[in-house]
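Working notes for the structure below.
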Amino acid sequence: MNLEQIYEKKQKFEKRLKLEAKFWLLSRKDKILVNRKSIPPLTDKEINEINNYWGKYGVKFKNYDSFRLFYYITGKKDPRFLPFSFVASVLYPHYNDSTKSRTYADKNMFCKFMPDMKFPKLIGQRINKRYFDETGKYYGEEVCDEYVNHLFEYISKENNYTIILKEAFDTNTGKGVKKYVVTNANILKETLAYRKSENYLIQFGIRQHPFFSQFNNDSVNIIRITTWRKGNKVHIFSPCIRFGIPGSATDVAYVNGHEIVNCIGIDRTGIIFDKGIDLSGNVLEIDIKNKKVPCWEKIVDLVSENHLALHYFDIIGWDITVDEEFNVICIEYNIREPGTQVYQFAHGPLAGETTDELLEFLLNKDMQSKYLPWQILK
């Protein structure tokens, strides 16, 4: 064995160790929640059903905490639930090319990757330390007066002084997203000078449709739709409204170090469910006046059509909203392990009747050896 082969073997082993660690850590999260909620164990019949279903895919779970959680919270005893430890450790590595994700996750490039999708209106950008305006004109690597004055003139012309500064990368769970009200050029200059990140974008705040503001008026609330591409067909999984809490500008918030995610399911016709759910599995009683999602059919068409443009990623989480003028706006798309847990709390199994198709690759023994963590390999 030469040095190149030794190095390649070492890399594969290190990658496998990271996979095992990820699976174990994510499994622990479910165990902690199960213990906190004092959820009873599964019956022998339920365990046998899970083993029989997953056995054909080469999977043997060592514990059933994720299923205990799903069964208890939803009341549905269905072995097709997908633990997030499995989704993140097996499905995403198989279906999404992580070597391409950094490039395609750059929010400064979203409009170039999907020119037919409408994103929040752009004011300016910082890309690799360089400043650009809404037209792409370059202004150097410092926050100069010419740049600030141009941006504020544009803001004034639009008569929308609420702006969003958003990191170009890694804004999952609302991190790196801040809302500001800039009433003059000095405030804008101070805001930009304070932002030390080398890659971010400046967008106008969205005036959301009343349907979305009824959940929480402070945050931009979104529809999360997970899509799965198989060949040239796109499947829709477990759509939900995700909404923030008072005082939060984003639909996901942190309070005392705890992530707050509230959602309510949407059926296939665009009608929302009667009750919501949070990330801890608590049922949310919500007084909703309007239950029909505006532009629902257009939203489904847009995410389905645009998924076909992202060739390296077969599973995508889309965050979509509608403004007061009925424009469908993509806040962002998520290709780096978008969450699935709370949407299964709302709906049941993520892929529903499509689960067998989603797992079909694991009928192959070589695929089982390649993708399944040792901890669950039968």
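Here are some notes:
- Each Lys or Arg adds one and each Asp or Glu takes one away; over the other residues whose Cβ falls under 11 Å from the Cβ of Ile245, this sums to -3.
- Lysine pairs within region 207-329, Cα separation less than 26 Å, 8 or more sequence positions apart or different chains: 8
- Between Asn199 and Lys365, the distance separating the two model label sites (each 7 Å from Cα on the Cα→Cβ line) works out to 4.3 nm.
- Paramagnetic label zone (point 7 Å from Cα along Cα-to-C-beta, Asn282; backbone N under 19 Å) in region 251-273: 251-265
- Lys15-Ile271 pseudo-label distance in nm [points 7 Å out on the Cα-to-Cβ vector]: 4.7 nm
- Working note: 222 nm ellipticity from helices only, DSSP H runs with n ≥ 4, each -39,500 (n - 2.57), summed and divided by the residues of the chain, gives -10000 deg cm²/dmol to the nearest 500.
- Sum of side-chain charges, Leu279 neighbourhood, beta-carbon under 13 Å (Lys, Arg +1; Asp, Glu -1): +1
- Cα centroid separation - region 153-217 against region 43-79, whole Å: 44 Å
- Taking the longest Cα principal axis of the chain as reference, the axis of helix 145-158 is set at about 80 degrees.
- Ligands, DNA and RNA are left out, and with a 1.4 angstrom probe the accessible area of the chain is 49 Å² per residue.
- Summing Lys and Arg as +1 and Asp and Glu as -1 over all other residues whose Cβ lies under 10 Å from the Cβ of Glu332 gives a net charge of +1.
- Listed residue (Phe119, Thr74, Asn96) projecting farthest to the positive dipole end of region 70-127, Cβ model: Phe119
- Using a simple spin-label model with pseudo-atoms 7 Å out from Cα toward Cβ, Tyr312 and Lys112 lie 1.3 nm apart.
- Solvent-accessible surface of protein heavy atoms, probed at 1.4 angstrom with all chains present, puts Asp319, Asp274 in the order Asp274, Asp319, largest first.
- Inverse mean reciprocal Cα-Cα distance (Kirkwood Rh) of region 57-110, Å: 13.6 Å
- Near Trp318, the amide H atoms lying under 5 Å from its own belong to Ile225, Thr226, Thr227, Asn334; only residues 5 or more places off or on other chains count, and H is placed 1.01 Å from N.
- Segment Lys45-Val255, extension gain: residue separation times 0.36 nm, minus the distance between their alpha carbons: 71.6 nm
The values are calculated or read from the model by the stated rules, or taken from the named source; none is laboratory data. All of these numbers come straight from a predicted model, not from anything done at the bench. Note: ideal-geometry Cβ built from the backbone for every residue, glycine included; neighbour counts use all protein chains shown. Areas reflect the complete protein model, heavy atoms only, side chains present, ligands, DNA and RNA absent. Shrake-Rupley method; radii C 1.70, N 1.55, O 1.52, S 1.80 Å.
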